[in-house]
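Enquirer: Here's a structure for you.
The values are calculated or read from the model by the stated rules, or taken from the named source; none is laboratory data. Everything quoted here is computed from the prediction, not taken from an experiment. Here the Cβ is made from the backbone with ideal geometry for all residues, glycine too, and neighbour counts use every protein chain on show.
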Amino acid sequence: MKITKNTLDYQDQKTNVMYFLPDLNDEVKPTFVLLTHGYTSDKSSIITWAIRLAEAGASVALFDLPGHYQGNYSEVKDFSYFKEHAHELFPQAFNGLISAFLEEFPLNEHFTQPAMLKLALGGHSLGAMLSLKALKLPEFELFEKRAIGVGLGMAPKDVVHLFDTPFYKSTLNVREQLVSPELKPDNVFPWIRDEKYNIELADSDIHLITGIDDLVVGDDGMERLQESLSKKNNRVSIDKPSKLPHHEPALAASYVKKYLKKINWI
């Protein structure tokens, strides 16, 4: 495969992106995948997803979220702006992936047309939530698309989420320093919780993957999210591996690939 490096614009700064393209000698699929990582992490945490999918013929964009220092040293100066616009990095990554694809496969330009292209948006945890928000953007309206969310669930409203417990917050002392001050847990965690309850997404295809041993999502957190999304006429399927702890999203690569293979996209 071929990997190219580029950047995406975020206000007056840049955030990093990598494009993974299939091998010229293998079968190239009209399948594009846009991916991003979870809170306090970076794109290396799910690079296995991009590699496995590119090996199977898909073209993949994998980008770092702004204000996540392990991926880049950009800053989030205004959390309100991040909340409203972070998911708009998906269309930017899409446009960059198209350009990289056409440079490598100029004879396959027809693959990028809405009538042929298959588009998956996905990520881990925070990245998964942002992919759901991006799924409804007008830039993707004409394409056959679906979301893939790993490590994403919903706690009951009357139950204290693991994120909100003193124990979990104490473990973030170091990790909190890996992100912009505006992305501190006290800002991010309530926002993530509220977004999952209030997301305006309907009539969409969504696949959720969460490990039985994912302590952040909890025993039935994924199923709760599935039920909530299904009430809005979304078609939601789930996969629950026995070993996929929240802090090891790289292990989801085979399950992401298996799902896209099952629906004949790779």
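Enquirer: Looking at the range 41-55 only, could you name the residues that are charged (D, E, K, R) and under 24 Å from residue 67 (Cβ atoms)? If you could, list the steps in order and put the result at the bottom.
Expert: Here is the first cut: in the range 41-55, the residues charged (D, E, K, R) are 42-43, 52, 55.
Answer for the range 41-55, where residues must be charged (D, E, K, R) and under 24 Å from residue 67 (Cβ atoms): 42, 43.
A quick yes/no check of all residues on (1) of a type outside the set (D, E, K, R); (2) surrounded by fewer than 16 Cβ atoms within 10 Å (Cβ to Cβ); (3) in contact with a Leu (Cβ under 6 Å, 6 or more places away or on another chain); (4) at positive phi:
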position: 2; (1), (2), (3), (4): no, yes, yes, no
position: 16; (1), (2), (3), (4): yes, no, no, no
position: 43; (1), (2), (3), (4): no, no, yes, no
position: 47; (1), (2), (3), (4): yes, no, no, no
position: 56; (1), (2), (3), (4): yes, no, no, no
position: 59; (1), (2), (3), (4): yes, no, yes, no
position: 82; (1), (2), (3), (4): yes, no, no, no
position: 92; (1), (2), (3), (4): yes, no, yes, no
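Enquirer: Please verify whether the range 125-138 includes one or more residues that are among the hydroxyl-bearing types (Ser, Thr, Tyr) and assigned to a loop (DSSP other than H, G, I, E, B). So that I can check it myself, show each step before the final result.
Expert: Step one: list which residues in the range 125-138 are among the hydroxyl-bearing types (Ser, Thr, Tyr), which gives 125, 131.
The next check asks that each one be assigned to a loop (DSSP other than H, G, I, E, B); those that pass are 125.
Within the range 125-138, one or more residues are among the hydroxyl-bearing types (Ser, Thr, Tyr) and assigned to a loop (DSSP other than H, G, I, E, B).
Enquirer: Can you pull out the residues in the range 229-240 that are out of contact with any strand residue (DSSP E or B) (no Cβ under 6 Å at 6 or more places or on another chain) and more than 16 Å from residue 262 (Cα to Cα)? Reasoning before the result, please.
Expert: Narrowing the range 229-240 to residues out of contact with any strand residue (DSSP E or B) (no Cβ under 6 Å at 6 or more places or on another chain): 231-233, 240.
Correct list: 231, 232, 233.
Enquirer: Oh, and also: Do we have any residue at all in the range 154-175 that's modelled with pLDDT of 95 or more, within 18 Å of the chain's Cα centre (by Cα), surrounded by 15 or more Cβ atoms within 10 Å (Cβ to Cβ) and of a type in the set (A, V, I, L, M, F, W, C)? Before the answer, list the steps.
Expert: From the range 154-175, those modelled with pLDDT of 95 or more are none; that's our starting set.
The answer is no, given that none of the residues of the range 154-175 is modelled with pLDDT of 95 or more, within 18 Å of the chain's Cα centre (by Cα), surrounded by 15 or more Cβ atoms within 10 Å (Cβ to Cβ) and of a type in the set (A, V, I, L, M, F, W, C).
Enquirer: Sticking with this one: Please go through the range 68-85 and give me each residue that is of a type outside the set (A, V, I, L, M, F, W, C) and either part of a strand (DSSP E or B) or in contact with a Pro (Cβ under 9 Å, 6 or more places away or on another chain) (or both), ordered by number. Don't jump to the end; show me each part of the working.
Expert: Restricting attention to the range 68-85, the residues satisfying the condition of being of a type outside the set (A, V, I, L, M, F, W, C) are 68-75, 77-78, 80-81, 83-85.
The answer is 68, 72, 74, 75.
Enquirer: Continuing with the same structure: Give me a count of the residues in the range 193-218 that are farther than 18 Å from residue 236 by Cβ and either among the charged types (D, E, K, R) or buried (at least 18 other Cβ atoms within 10 Å of the Cβ) (or both).
Expert: Pass one, the range 193-218, residues farther than 18 Å from residue 236 by Cβ: 193-194, 212-213, 215-216.
Then keep just the ones that are either among the charged types (D, E, K, R) or buried (at least 18 other Cβ atoms within 10 Å of the Cβ) (or both); that gives 193-194, 213, 216.
Selection size over the range 193-218: 4.
Enquirer: Among the residues of the range 124-153 satisfying the criterion of being of a type outside the set (A, V, I, L, M, F, W, C) and more than 27 Å from residue 114 (Cβ to Cβ), which is surrounded by the fewest Cβ atoms within 10 Å (Cβ to Cβ)? If you could, list the steps in order and put the result at the bottom.
Expert: The initial filter retains those residues of the range 124-153 that are of a type outside the set (A, V, I, L, M, F, W, C), namely 124-125, 127, 131, 133, 136, 138-139, 141, 144-146, 149, 151, 153.
Now narrow it down to the ones that are more than 27 Å from residue 114 (Cβ to Cβ): 124-125, 151, 153.
On the way: 124: 28, 125: 26, 151: 28, 153: 24.
Among those residues, the one meeting the criterion is 153.
Enquirer: So which pairs qualify, if the first residue must be in the range 20-35 and of a type in the set (A, V, I, L, M, F, W, C) and buried (at least 24 other Cβ atoms within 10 Å of the Cβ), the second must be at pLDDT below 95 and assigned to a loop (DSSP other than H, G, I, E, B), the Cβ gap must be under 9 Å, and the two must be at least 6 apart or on different chains?
Expert: 20/1
Enquirer: Among what's in the range 182-213 and is in contact with a His (Cβ under 8 Å, 6 or more places away or on another chain) and at pLDDT 95 or above, pick the residue that is farthest from residue 241 (Cα to Cα).
Expert: Restricting to residues being in contact with a His (Cβ under 8 Å, 6 or more places away or on another chain) and at pLDDT 95 or above, the top hit is 183.
Enquirer: Being farther than 13 Å from residue 182 by Cα and touching a residue at least 40 places away in the same chain (Cβ under 8 Å), is that true of even one residue in the range 74-81? So that I can check it myself, show each step before the final result.
Expert: Narrowing the range 74-81 to residues farther than 13 Å from residue 182 by Cα: none.
No - not one qualifying residue is present in the range 74-81.
Enquirer: Looking at (1) of a type outside the set (Ser, Thr, Tyr); (2) assigned to a helix (DSSP H, G or I); (3) at pLDDT below 95, which one does residue 51 not meet, given that it meets all the others?
Expert: With (1) of a type outside the set (Ser, Thr, Tyr); (2) assigned to a helix (DSSP H, G or I); (3) at pLDDT below 95 applied to residue 51, the lone miss is (3).
Enquirer: Could you run through the range 227-261 and say how many residues are touching a helix residue (DSSP H, G or I) at 6+ places or on another chain (Cβ under 6 Å), buried (at least 19 other Cβ atoms within 10 Å of the Cβ), over 14 Å from residue 50 (Cα atoms) and among the aliphatic types (A, V, I, L, M)?
Expert: Qualifying residue count, the range 227-261: 2.
Enquirer: Still on this structure: Could you list all residues from the range 86-124 that are in a helix (DSSP H, G or I), farther than 18 Å from residue 189 by Cβ and hydrophobic (A, V, I, L, M, F, W, C)? Spell out how you get there, then give the answer.
Expert: To start, the set of residues in the range 86-124 that are in a helix (DSSP H, G or I) comprises 86-104, 106-112.
Add one more test, that the residue is farther than 18 Å from residue 189 by Cβ, and what stays is 88-104, 106-112.
Matches in the range 86-124: 89, 90, 93, 94, 97, 98, 100, 101, 102, 107, 111.
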